[in-house]
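Data block below; observations after.
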Amino acid sequence: MKTIFDNKSLLLIALVVFFSLPLTGCWGQGELNEMGMVMVTGIDRTEGGQYKLTVMSALPTSTQGQQGSASNMWIGVARGSSVPDAMRNLNKISPKELTWIHNNYVIIGEAAAREGVGDIMEYFIRDWQNRMDKFVLVAEGEASSIMATPADTDKSLFRELEGITRNSEKWAKVYISDFMEFMIHYANKTCDVTAAKIGTYKADRTTLSSSRSEGNVTTGESKILYIYGTAVFKDGKLVGWLDGEETRGLQWFINKINEANVEHSEPEKGIRAVMEVIVAKCNITPFVREGKLVFRADVNTRGRLIELIGGINIMDIKETERLEKSLAKVIENEMRRVFEKVQKEYKADIFLFGDKLYRTKPSIWREVEEDWDEVFTEVEVEYNVKVVLRGTGELINNIKRDREE
Amino acid sequence: MKVKQTGKYKCAQPKTILEQKLIDVEKQDKEKLKDAYITEALKDNLSSLKGIFKGCYDFSIREVQKPEEQLTYAICYIDGMVDSTVVNEMVMKSLNHICFGAAKDTQSRLNIMKNNLSSSGEPKLVSCLADIVSELLNSSCIVLIDGHSEAISIYMEGTKTRSITEPTVEAVVKGPLEAFTESGFTSVTQIRRRLKTHKLKTEYLKLGKESKTRIVVAYIEGIADRKVVREVKRRLSAIDTDIILATGQVQAYIEDDYLSPFPQTELTERPDSGVAALVEGRVLIIVDGTPFILMVPTTITYFFTSADDYYNRYIFASFIRVLRYLALFVSIFGPSLYVAITTFHAEMIPTMLLMTIANARAEVPFPAFIEAMLMELVFEVIREAGARQPKTLGQALNIVGALVIGQLSVQAGLVSPAMIIVVAVTGLASFLIPKINTSREVSLIRFPMLILGGVLGIFGITLGVLVMLIHLVSLRSFGVPYMSPITPINLKGMKDAIIKFPEYMLTRRPDFIQKNNLTRRKEKDENNIR
């Protein structure tokens, strides 16, 4: 190994390389205990046209010694001419170096949302610290007041939010979209955006867990946080809300039903049947009929009975078919109700009809592209819902019905 | 500046006059011995031997006169090297009862003596003084006879050796509980007993100018690659040092890349492992004086192999092997990944886990890198203390190690509990590699990795991994690529590498070691059950 380098110069090179490593200053390095991990960011618009940023950040606190589980969440509020400006201004009060690498929720206040959501989200999409799989929520009222809700059972509100988000898949009355989906729909001119609604309501404390903070004992009432329903945007601006049932109706259209109940009841006959959806698939086909744009929604649903009250004989195939038809009618009504409301009231294409048209019938789309907003208010929807019952649970017929016979 | 001139190359230059003289004397002595032959006069011979062994109190001479047969002889030996009771019982007795009868000429008298001495060992005739000296030092007994210019040498080793004990480093659950001892000859016997074939060749050479250590190269003719055997012998005979005390020294001399942290020779103290290596076509190097033997060539997969793998069923053996590979990964990258991820890439950790780690670190005054470096060093200190301490101090060490460093440092808030866990897991993982010498050396790579991870994050670790991989694939052990059978890929060889296939599927020997003779058994044979 006779090379141009002798041992001495090799050693020198190694030393230079070694000592230049620390000179990088450990770029991008940060100790965990010096960081404040922002978990929830709330954005409001003040009357002066400024942004008001509320952050909920976890500050590392030693768990040793102290037995009490005090919340280690720090809430800071700052104002600024832009979202990043407000973020910088937070340094005025923040005890730790705030980072957004674990920012899981962005809550947009109602006023800010009505002014337009795009300008707010721009920063969160562009910044490297925020990930695309985090969630967007729209607050009913001010985001900052929602974030000031005292945590119920967990140590921090953030954990509650996380739990509620997980549960949102278990029912269809809310759908929480992540950054990615939200921004794709926002950027797409073929459709409009929705986001889940977050809010609080007052309720009697006695029905709730005992870990609520002491201050609320005397009032007997406390603020409860919920995520339920949907905020509807039109051209990136909040135009209105959908309640739970309407949200579920919307989700039949956009194939987001994961778990849901469909309830058919005839109170006069004392009949009530509840189906749990196993699979729900909706296929939207646009076509032109007599010069009018029609969208056919073919919904195929499979489910199982989870409640059956009254005199339906489920072993009789005719009665079962009748039940399936009435369940299908329930779904159809639900869809019809939300579609008509959104079409007439909000005029926002949150059903992704434009997108469907663009994908399947691009020639028609090109014709209506310019004035899709008006065309959308005129389109008709044909519903074709099919329900198939698979399984009746642990029982066959209603227990009481068998006894009476 | 004057100092500099005389500094660097001084040693290489001719010595002082005194040194030169000593060297010359030595040379002369050697040459004198080489050309010196014993004479017919016993007295002269004895005085020259006495001159050579002047100042050696363990050198014994017994002169015996037997006038009825006109015989005067002397028995020379080094006490302790030769069992003196054997000398008394066998040599003296057989020479006492000697009867030359009609034989008068010197040659026939010598033959009769030689025959008589056959009862105590294999008699050899020597006449060169140098040979006599080396035979004496090699536990032989020399019989010098008056009137003969040849002496009879009988090999009779009487050295006290340790008895065969259980393996201490490579313990197994099932399987033979027998380890090599310091005696090289016993080691060869232990191998021979398990391998009853004349094809097992044991070649013998001496290394070390002063120590003259016996070294045996063992291999199976017809299986071992001839080139490898020749290369092993060439490298061994090229060792030109004064003293060889243990296998580790030989290892350092014959390795392809002696600077590498990855050993390219494998140590074992188990005869069964040695025999298994022989049958695969590898060459053993047995060094007299250590209970460890060397196996070459070796590849990286052998370091994850324990003898126990072959005595257990394949499911467990495979599971443990995969676990060992994981353990190696953890022991090299555990602390560096922890430091890199927590200080550079906190976004990689799930939020809740991050909060737990951050809370654990809340009061720690050191940066994570310093903390990790400190704790790793402390761990190494405890480990080394445990290895070198007298056994009676074990309890005190345990208390200091576990209690003071483990518990109190966390309570005092100097170290975070998470770091203790990382260091402990890393340390434990490094013990999982069955070849303990290897695991200790290889797991030291975690220190440079820790520096890279602490300074450049995962980018730095990636650089380190790259350098390591480039080094590994370029490494060779006696011509065999070090990473085989993983790369260059050898699917047949993989049957006994990361996963151990059931014994009946291992029909071929690994063909990256040798290509002469690959059949362990015929794949289709009516004698086989399957």
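Note down all Cβ pairs under 8 Å where the first residue falls in region B:56-81 and is assigned by TED's automatic domain parsing to the domain that holds B:Met92 and within 13 Å of B:Leu46 (Cβ to Cβ), the second is in a loop (DSSP other than H, G, I, E, B) and open to solvent by 60 Å² or more (accessible area, probe 1.4 Å), and they're at least six residues apart or on different chains.
B:Thr72/B:Asp146; B:Tyr73/B:Asp146
Among the residues of region B:149-187, which ones are open to solvent by less than 40 Å² (accessible area, probe 1.4 Å), among the hydrophobic types (A, V, I, L, M, F, W, C) and farther than 30 Å from B:Cys128 by Cα?
B:Val172, B:Ala179, B:Phe180, listed by residue number.
Does B:Ala307 satisfy being crowded, with 18+ Cβ neighbours inside 10 Å and under 28 Å from A:Phe158 (Cβ atoms)?
Working: crowded, with 18+ Cβ neighbours inside 10 Å: yes; under 28 Å from A:Phe158 (Cβ atoms): no.
No: the conditions fail for B:Ala307.
From the list A:Arg79, A:Arg88, which residue is surrounded by fewer than 16 Cβ atoms within 10 Å (Cβ to Cβ), away from chain B (no Cβ under 14 Å) and outside any strand (DSSP E or B)? Outline the logic, then answer.
On the way: A:Arg79 fails: outside any strand (DSSP E or B).
After ruling out the rest, the residue left standing is A:Arg88.
Could you please let me know if A:Arg296 is open to solvent by 20 Å² or more (accessible area, probe 1.4 Å), in contact with a Ser or Thr (Cβ under 8 Å, 6 or more places away or on another chain) and outside any helix (DSSP H, G or I)?
Numbers: open to solvent by 20 Å² or more (accessible area, probe 1.4 Å): yes; in contact with a Ser or Thr (Cβ under 8 Å, 6 or more places away or on another chain): yes; outside any helix (DSSP H, G or I): yes.
Yes; evaluated as a whole, the condition is true for this residue.
Applying the selection to region B:471-492, what residues are more than 28 Å from B:Arg234 (Cα to Cα) and either under 30 Å from the mean Cα position of the chain (by Cα) or buried (at least 19 other Cβ atoms within 10 Å of the Cβ) (or both)?
So in region B:471-492, the residues more than 28 Å from B:Arg234 (Cα to Cα) come out as B:486, B:489-492.
Selection gives B:Ile486, B:Ile489, B:Asn490, B:Lys492.
What single numbered condition from (1) open to solvent by less than 20 Å² (accessible area, probe 1.4 Å); (2) within 12 Å of chain A (Cβ to nearest Cβ); (3) without any contact (Cβ under 8 Å) to a residue 12 or more places away in the chain fails to hold for B:Gly394?
Every condition holds for B:Gly394 apart from (2).
From B:Ser163, B:Ser153, which residue is in a strand (DSSP E or B), small (Gly, Ala, Ser) and within 32 Å of the chain's Cα centre (by Cα)?
Details: B:Ser163 fails: in a strand (DSSP E or B).
The match here is B:Ser153.
Could you give me the residue pairs with C-beta distances under 6 Å whose first residue belongs to region A:300-311 and is in contact (Cβ under 8 Å) with a residue 24 or more places away in the chain, whose second residue is hydroxyl-bearing (Ser, Thr, Tyr) and not in a strand (DSSP E or B) wherever it lies, and which are 6+ apart or on separate chains?
Here the result reads A:Leu305/A:Thr392, each pair linking region A:300-311 to a residue that is hydroxyl-bearing (Ser, Thr, Tyr) and not in a strand (DSSP E or B).
Kindly list the number of the only condition in (1) of a type in the set (A, V, I, L, M); (2) open to solvent by less than 10 Å² (accessible area, probe 1.4 Å); (3) more than 14 Å from chain A (Cβ to nearest Cβ) that fails for B:Leu328.
(2)
Report the residue count in region B:397-419 for those that are under 18 Å from B:Tyr338 (Cα atoms) and touching a residue at least 12 places away in the same chain (Cβ under 8 Å).
Taking region B:397-419 and keeping what is under 18 Å from B:Tyr338 (Cα atoms), we get B:410, B:414-419.
Now narrow it down to the ones that are touching a residue at least 12 places away in the same chain (Cβ under 8 Å): B:414-419.
Selection size over region B:397-419: 6.
Pick out the one residue from B:Ala130, B:Ala74, B:Ala102 that is of a type in the set (A, V, I, L, M) and assigned to a loop (DSSP other than H, G, I, E, B).
Working: B:Ala130 fails: assigned to a loop (DSSP other than H, G, I, E, B); B:Ala74 fails: assigned to a loop (DSSP other than H, G, I, E, B).
Matching residue, one of B:Ala130, B:Ala74, B:Ala102: B:Ala102.
Can you find a residue that is of a type in the set (Val, Ile, Thr), within 20 Å of the chain's Cα centre (by Cα), within 22 Å of B:Thr438 (Cβ to Cβ) and open to solvent by less than 70 Å² (accessible area, probe 1.4 Å) anywhere in region B:223-236? Please lay out each step first, then the result.
If we filter region B:223-236 for residues that are of a type in the set (Val, Ile, Thr), which is where we start, we get B:223, B:228-229, B:232.
Keeping just the survivors that are within 20 Å of the chain's Cα centre (by Cα) gives B:228-229, B:232.
Now drop any that are not within 22 Å of B:Thr438 (Cβ to Cβ), which leaves B:228, B:232.
Retained after the next criterion (residues that are open to solvent by less than 70 Å² (accessible area, probe 1.4 Å)): B:228, B:232.
Yes; the residues of region B:223-236 include at least one that is of a type in the set (Val, Ile, Thr), within 20 Å of the chain's Cα centre (by Cα), within 22 Å of B:Thr438 (Cβ to Cβ) and open to solvent by less than 70 Å² (accessible area, probe 1.4 Å).
Can you tell me how many residues within region B:191-221 are part of a loop (DSSP other than H, G, I, E, B) and modelled with pLDDT under 90? Steps first, please.
Of all residues in region B:191-221, those part of a loop (DSSP other than H, G, I, E, B) come to B:195-199, B:208-212, B:221.
Subsequent filtering for residues that are modelled with pLDDT under 90 retains B:208-212.
Residues meeting the conditions: 5.
Output yes when any residue across region B:298-317 is in a loop (DSSP other than H, G, I, E, B) and within 14 Å of chain A (Cβ to nearest Cβ), and no when none is.
Just the residues of region B:298-317 that are in a loop (DSSP other than H, G, I, E, B), to begin with: B:298-299, B:305-307, B:312-313.
The next check asks that each one be within 14 Å of chain A (Cβ to nearest Cβ); those that pass are none.
No: region B:298-317 contains no residue that is in a loop (DSSP other than H, G, I, E, B) and within 14 Å of chain A (Cβ to nearest Cβ).
The values are calculated or read from the model by the stated rules, or taken from the named source; none is laboratory data. Quantities reported herein were computed from a predicted structural model and do not represent experimental measurements. Quick reminder, even Gly has a Cβ in these numbers, built from the backbone with ideal geometry, and neighbours come from all protein chains shown. Note: areas computed on protein heavy atoms with side chains; ligands, DNA, RNA excluded. Shrake-Rupley method; radii C 1.70, N 1.55, O 1.52, S 1.80 Å.
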